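Since every read-out is calculated from the coordinates, none of them should be taken as a lab result. Keep in mind it's a predicted model, so treat the numbers as computed, not measured. Glycine gets a Cβ as well: all are built from the backbone with ideal geometry, and neighbour counts include every protein chain shown.
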Amino acid sequence: MRTDAPAPSHRQLPRALRDLAQRLREGEERGDASIETAIVFPFVILFTVMVVQAVMWYYAREVAQTAAREGVVAARTYGSNVNTGVARANEAATRLGGSALRSPHASPNGSSATRITITVTGQAQSLIPGVSGFSVSQSASAPVEKWNAR
C-alpha cells in the first residue's frame, strides 16, 4: 500500500459520495422529521387518551345526575316513597348508562320526612385495561309534595 499516493480528486469520487458531501456542506438534515415524530407522537397519543377519558368521566357523571333526578321526581310525588325513588334511580342509571356508568347504586342518604335526597354512585368506564375508572357520585334533592285539605 502506497502512502505517498495523492488523494483522489473531487472528480474521481463516486457520485453518491459527492452527493453526500454536498448535503453535509449545505447542512441538509434528512430524517429529522422521522425522529421528531417518534419523540412527539407518544405525547400526542397520551393527550388524546386523557381527553377521551375525561369525556367518559363527564358522561358517566351526567348519567348519574340524570338518574338521581329521575329518582327524586319518582319519590317526591304524592303517595310515593323513598324506596320507589331509589328503584327508579337504579333503573334509570342502568338504562341510561349502559357501559358508561359501571356498578351504579342509588341510595336515599340524607332524606327526611320533608325532603328527598337520592345519591347515585358508580365508576366511569376506563380506557386502560386493568385500571378501574374514576369514581362518580351525584345527588339530587327536592321537597316532598304535600296536599293540604282546606
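Between 132, 34, 112, the GNM of the chain built on Cα springs shorter than 10 angstrom shows 34 fluctuating the most. In the chain, the longest principal axis of the Cα atoms and the axis of helix 32-76 are about 0 degrees apart. Rounded to 0.05, the FRET efficiency of the residue 34 and residue 54 pair, given R0 = 35 Å and the Cβ-Cβ distance, is 0.70.
Checking every one of the chymotrypsin sites (Phe, Trp or Tyr not before Pro) in region 52-141 against DSSP loop status and a limit of 10 other Cβ atoms within 10 Å picks out 78. Amide H contacts under 5 Å for residue 125: 102, restricted to partners 5 or more places along the chain or on a different chain, H placed in the peptide plane at 1.01 Å from N. Consider the candidate values (i) 2.28; (ii) 1.14; (iii) 2.21; state which one is Cα Rg over 2.2 N^0.38 Å computed from the structure displayed. Comparing each candidate, only (i) matches the computed number. What you get for the chain, charging only the Cβ of Lys and Arg (+1) and of Asp and Glu (-1), is a dipole of about 400 debye around the Cα centre. For residue 116, the residues whose modelled amide H falls within less than 5 Å of its own, excluding neighbours fewer than 5 places apart on the same chain, are 142, 144.
Restricting the trypsin sites (Lys or Arg not before Pro) of region 18-104 to loop positions (DSSP other than H, G, I, E, B) with no more than 13 neighbouring Cβ atoms within 10 Å leaves 30.
Which residue, 42, 108, 14, has the most motion in a Gaussian network model of the chain that connects Cα atoms within less than 10 Å? Comparing 42, 108, 14 in the GNM, the peak value goes to 14. Explain nothing, just compute: Karplus ³J(HN,Hα) = 6.51 cos²θ - 1.76 cosθ + 1.60, θ = phi - 60°, for every residue of region 102-110 in order, whole Hz, x for Gly and Pro. Those phi angles translate into 8, 6, x, 8, 9, 9, x, 4, x Hz.
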